């Protein structure tokens, strides 16, 4: 996953996720193994000044995320529902840093004679 690029890859294949589902995934990964409350997710998705049916919208966004990950609420591999509280990412998480850039090639004027 690349949060800065808004991309999720599974086995090297780019998976398209709606923005709200991606935001939920980022929140769950940032709090890996801890429960992220429904209220926290509501604030991330809609802020304090938006008046929406957030329960339905949040459930739909989580379902789209689960579908993209090949996960189910009955036998979760990635996202566990914590009843009446929120969600928790339960799969192992490994942070992968991008490779360091290669040094620039030497220019003619920088080469020794």
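Coordinate-derived values only; no laboratory data. Note that the coordinates shown come from a computational prediction; the quantities given were computed from them, not determined experimentally. Cβ atoms come from the backbone with ideal geometry, glycine included; neighbour counts cover every protein chain shown.
A few points about this structure:
- Residue exposure sequence - 16, 95, 43 - by fewest surrounding Cβ within 10 Å: 95, 16, 43
- Put a dot 7 Å past the Cα of residue 72, heading toward its Cβ, do the same for residue 16, and the two dots end up 2.6 nm apart.
- As a length-normalised measure over Cα pairs under 8 Å and 6 or more apart, the relative contact order of segment 1-92 settles at 32 percent.
- Cα→Cβ-extended label distance, 7 Å offset, between residue 35 and residue 84, nm: 1.0
- Neighbour-count ranking [beta-carbon atoms within 10 angstrom, fewest first] of 48, 53: 48, 53
- If you bin all the Cα-Cα distances of segment 8-96 at 5 Å, starting from zero, the percentages per bin are 3, 14, 26, 28, 18, 8, 3, 1.
- Fewest-first sequence of 32, 56 by Cβ atoms within 10 Å of each Cβ: 56, 32
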